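Okay, handing you the structure first.
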2 protein chains.
Amino acid sequence: MSMGNNYELYKVFYWAAKTGSLSQAAKTLYLTQPSVSHAVKQLEESFGVALFYRNARGVELTQEGAVLFSYIEQSHILITLAEEKMAALKNLESGELRIGGSDSLFKHYLLPYLEHFHEHHPGVKLHLHHGTTPEVITFLKEGRIDLGVVRMPIIDPQLEVKESFQLQDCFVAGARYAELKDAVLSLEELLQHPIILFSRNSRARMTITELFHSYGFSIRPEIEVGSVDLLIEFAKRGLGISYVTREFVSKELEEGALFEVRLNVPLPPSQVGILTKRSMPLSSAAQAFVRLVG
Amino acid sequence: MSMGNNYELYKVFYWAAKTGSLSQAAKTLYLTQPSVSHAVKQLEESFGVALFYRNARGVELTQEGAVLFSYIEQSHILITLAEEKMAALKNLESGELRIGGSDSLFKHYLLPYLEHFHEHHPGVKLHLHHGTTPEVITFLKEGRIDLGVVRMPIIDPQLEVKESFQLQDCFVAGARYAELKDAVLSLEELLQHPIILFSRNSRARMTITELFHSYGFSIRPEIEVGSVDLLIEFAKRGLGISYVTREFVSKELEEGALFEVRLNVPLPPSQVGILTKRSMPLSSAAQAFVRLVG
DNA sequence: TGTTACCCATAGACATGATCTATAGCTCCT
DNA sequence: AGGAGCTATAGATCATGTCTATGGGTAACA
């Protein structure tokens, strides 16, 4: 029936054997000597075997005690390592952080945070999973990532959403459309020009399509691309007017390789949100990262 | 300050992780679910890290919990093995028994016991250390053997002595001395013949020397040998009259290869004793062997 | 869409069992 | 002979582990 001894007894046994003295073990464990004596006795009785022989200088392992010790010592080492590891995890000296998001968000927005985090916690391994918003959400729900970074809005009761950073989408063009540089266009005027949009299932695409609808127009892109880099590249080469996130082209705007095509209607800002799964507690690393970004 | 967690908590953690359910773990450990819940919580608080995420189907390890489990599982396996090993030691399915004694005692007296013991407890390894009585006593005091089997008397307060078996030393001769077969000799008459004795530092040698002294004679052997086998062999070949233990030559006496040379004074019997060190508890194997022999 | 069933968390009462104090015996060392 | 150090034992105490009772949440199913 016994189902094994109380593991705590093995801790006492370990120190008694290690120090060769019940009194010493007691000091090490912040106990009194009779407690240790009693604990050892319990083990001995449970095994029906003497573990120590006692003499005036302390205790010494019997043959059987030495056998037990050879196991318990290993076990004790493992537990000690485990406790150290857990401390390391908590202190972010170890562990891993798995983040899901789009390539462009990683590249243009999260990169400095990731750098900063890695610099301060070099022991924490970073795993970046790129994917579309729905993919990120799936990863998150499956527990394959700790947190997701996506465009808002997300409405999912399973997910905890923390709004983090506001991005502003806008239309940009290159030198080919220089005549638009100082103009303020209406939506109708904009539609005269070839438009380059991100692929159909992106949030930005849905947002802009809806905006045009709300004004009674329908926006049909000339070119449809699958990466933000291509969006930028095509605009720079004059293939059309791209709908991009302004923060992602700040360099090109400064250098003059691109300019913003201003409209006479406001374009809605888009919020970046940090997603976590409600039922899943955050790892220390994830907590720290959320604090950093948020 | 913590000095590590109560090891008992790790047992609970192990089963919670193993079964994926606090309720199941509780059943396994003959506890109630709240106890397990509480124990897990203590660990989580001590580490400052969530170990499980809870859902309607049970619990699942977090990243950190999985790390902890990888250590604790190993540790648990070791403790389980340790407990099994201790049971095996107690049941004499395992372990070792180290006996010290003279070759002749092993060969002529202990052998059947050793065979019997080995047959019944094949898992227990037998280590036989042969040596003289003082050597055996030293081994015993150094803890290098569990018990010693030697001729009595032994007077040593550190040692526990159990008298076991009585042996009778006697003089034997071979065909060459056939004329003595039915005679009853005096000590003086015996000394007319060449005597073969065991080497100087043996108990039998001291005993017989002392006996002759007490009758005013001095016994000086023609031949002095270092093994009982030689003692017998030399007697058989007619090199002299050997002083041997009767029980060790029972075969030769029966076969007629040797006969006993009777004396008109009684030769003292010699007692075999089983020695153990007082301060050292006997291993299960040693206990069993002592019971068998005693 | 209720309903059931199973899971875990929490609060508070309780009792077991670990721990303590006090004491005695032993051995080694001076 | 006396002291210092060790362990064993007995018995009192109290902390901590464990329980009961309860509530809330989620998944499965009708």
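The values are calculated or read from the model by the stated rules, or taken from the named source; none is laboratory data. The shown structure was predicted, so the numbers you read here are calculated from the model rather than taken from an experiment. Every residue, glycine among them, receives a Cβ derived from its backbone with ideal geometry; neighbour counts consider all protein chains shown. Surface areas here come from the heavy atoms of the whole protein model, side chains and all, with no ligands, DNA or RNA. Shrake-Rupley method; radii C 1.70, N 1.55, O 1.52, S 1.80 Å.
Mind checking the per residue accessible area of the protein assembly as shown for me, 1.4 Å probe, whole number of Å²?
The answer is 49 Å² per residue.
Quick one: which bits of the range A:3-25 get at least 10 Å² less accessible when the partner protein chains are in, versus the chain alone, with a 1.4 Å probe?
Relative to the lone chain, where solvent access is computed with a 1.4 Å probe, the range A:3-25 loses at least 10 Å² at A:3, A:4, A:5, A:6, A:7, A:8, A:10, A:11, A:15.
What's the FRET efficiency of residue A:193 with residue A:135 using the Cβ-Cβ distance as r and R₀ = 45 Å, to the nearest 0.05?
0.90
Using each residue's phi in the range A:231-244, evaluate 6.51 cos²θ - 1.76 cosθ + 1.60 at θ = phi - 60° and report the 3J(HN,Hα) Karplus result to the nearest Hz, with x for Gly and Pro.
These are the phi-based 3J(HN,Hα) values: 3, 5, 4, 5, 5, 4, 7, x, 7, x, 9, 9, 9, 9 Hz.
Which value, to two decimals, describes the C-alpha radius of gyration of the range A:169-294 once divided by 2.2 N^0.38 Å?
Computed over Cα atoms of the range A:169-294, the ratio equals 1.23.
How big is the Rg/Rh ratio for the range B:7-90, C-alpha atoms only, Rh by Kirkwood, two decimals?
Rg/Rh: 1.01.
Sticking with this one: Around residue A:270, which amide H atoms from residues at least 5 apart in sequence, or from another chain, sit under 5 Å from its own amide H, with H modelled in the peptide plane?
For residue A:270, the qualifying residues are A:167, A:168, A:169.
Helix-derived [θ] at 222 nm for chain B: sum -39500 (n - 2.57) over DSSP H runs of at least 4, divide by residue count, nearest 500?
It lands at -12500 deg cm²/dmol.
Would you tell me the mean number of C-beta atoms belonging to other protein chains that fall within 10 Å of each C-beta in B:143-149, as a whole number?
Rounded to a whole number, the mean comes out at 1.
Using the Cβ atoms and a cut-off under 12 Å, what net charge is assigned to the surroundings of residue A:267, where Lys and Arg are +1 and Asp and Glu are -1?
Around residue A:267, the charge tally is -1.
Okay, moving on. Per-residue accessible area for residue A:270 at 1.4 Å probe radius, Å² rounded to 10?
10 Å²
Tell me the Kirkwood hydrodynamic radius of the protein assembly as shown in angstroms, computed as one over the mean inverse distance between distinct C-alpha pairs.
Roughly 32.3 Å, rounded to one decimal.
Am I reading the B/A interface right? What is its buried accessible area, both sides, 1.4 Å probe, to the nearest 100 Å²?
4400 Å²
Beyond a 27 Å Cα-Cα separation, which of these cross-linked pairs lie in this structure: A:11/B:27; A:162/A:236; A:141/A:162; A:90/B:27; A:11/A:85; A:125/A:277? Please report the intermediate quantities before stating the final value.
Values: A:11/B:27 25 Å; A:162/A:236 34 Å; A:141/A:162 16 Å; A:90/B:27 31 Å; A:11/A:85 19 Å; A:125/A:277 21 Å.
Check vs 27 Å cut-off fails for A:162/A:236; A:90/B:27.
Non-local amide H neighbours of residue B:97 (under 5 Å, H modeled in plane, Pro and chain starts lacking H): which ones?
B:125, B:126, B:127
For the range B:7-90, build the charge dipole from Cβ charges (+1 Lys, Arg; -1 Asp, Glu) around the Cα centre, then report which of B:71, B:23, B:55 sits farthest towards its positive end.
So the residue we want is B:23.
Explain nothing, just compute: Karplus ³J(HN,Hα) = 6.51 cos²θ - 1.76 cosθ + 1.60, θ = phi - 60°, for every residue of the range B:54-68 in order, whole Hz, x for Gly and Pro.
Couplings: 9, 9, 5, 8, x, 10, 9, 5, 7, 3, 5, x, 5, 4, 4 Hz.
Turning to a different aspect of this structure: Once both labels are modelled 7 Å past Cα along the beta-carbon direction, what's the residue B:237-residue B:292 spacing in nm?
3.6 nm
Sequence gap at least 6, Cα distance under 8 Å: using those rules, report the relative contact order of the range B:7-90 to the nearest whole percent.
Across the range B:7-90, relative contact order equals 26 percent.
Hey, another quick one. Ratio of alpha-carbon Rg to the 2.2 N^0.38 Å globular estimate for chain A, to two decimals, please.
Working: Rg = 31.8 Å, N = 294, 2.2 N^0.38 = 19.1 Å.
Compactness ratio reported: 1.67.
Filter the GluC sites (Glu not before Pro) in the range B:202-294 to those in DSSP coil with at most 15 other Cβ atoms within 10 Å of their Cβ, and list the result.
B:222
Might you work out the accessible area of residue A:111 for me, using a 1.4 Å probe with all protein chains in place, and round it to the nearest 10 Å²?
Taking all protein chains as shown, residue A:111 has close to 80 Å².
A follow-up question, please. What shape does the range B:57-197 take by its C-alpha gyration tensor, where a ≥ b ≥ c are the square roots of the eigenvalues and a/c under 1.5 counts as rounded, a/b above b/c as prolate, and the rest as oblate? Kindly include the intermediate steps, with their values, before the conclusion.
Working: a/c = 5.10, a/b = 3.52, b/c = 1.45.
It is prolate, given that a/c is not under 1.5 and a/b is the larger ratio.
Here's another thing I want to ask about it. What ratio of Cα Rg to 2.2 N^0.38 Å holds for the range A:1-40?
Rg over 2.2 N^0.38 Å, computed on Cα atoms: 1.14.
Can you give me the Cα centroid spacing of the range B:1-73 and the range A:167-228 in angstrom?
Centre-to-centre distance over Cα atoms comes out at 54 Å.
Can you work out the Karplus-derived ³J(HN,Hα) for every residue in the range A:214-224? Use 6.51 cos²θ - 1.76 cosθ + 1.60 with θ = phi - 60°, whole Hz, and x for glycine or proline.
Karplus-based 3J(HN,Hα) across the range A:214-224 equals 4, 9, x, 10, 10, 9, 10, x, 6, 10, 10 Hz.
Name the residues whose placed amide hydrogens come within less than 5 Å of the amide hydrogen of residue A:277, ignoring near sequence neighbours (fewer than 5 apart) on the same chain.
For residue A:277, whose amide H was placed from the backbone, the distant partners under 5 Å are A:160.
Put +1 on the Cβ of each Lys and Arg and -1 on the Cβ of each Asp and Glu in the protein assembly as shown; which of A:173, A:201, A:212 then has its Cα farthest toward the positive end of the dipole?
Among A:173, A:201, A:212, the one farthest towards the positive end of the dipole of the protein assembly as shown is A:212.
Could you state the principal axis extents of the C-alpha atoms in the range B:218-287, from the largest down, to the nearest angstrom?
Ordered largest first, the range B:218-287 gives principal extents of 48, 31, 24 Å.
May I pose another question? Taking only C-alpha pairs under 8 Å that are 6+ residues apart, what is the relative contact order of chain B in percent?
Once normalised by length, the contact order is 21 percent.
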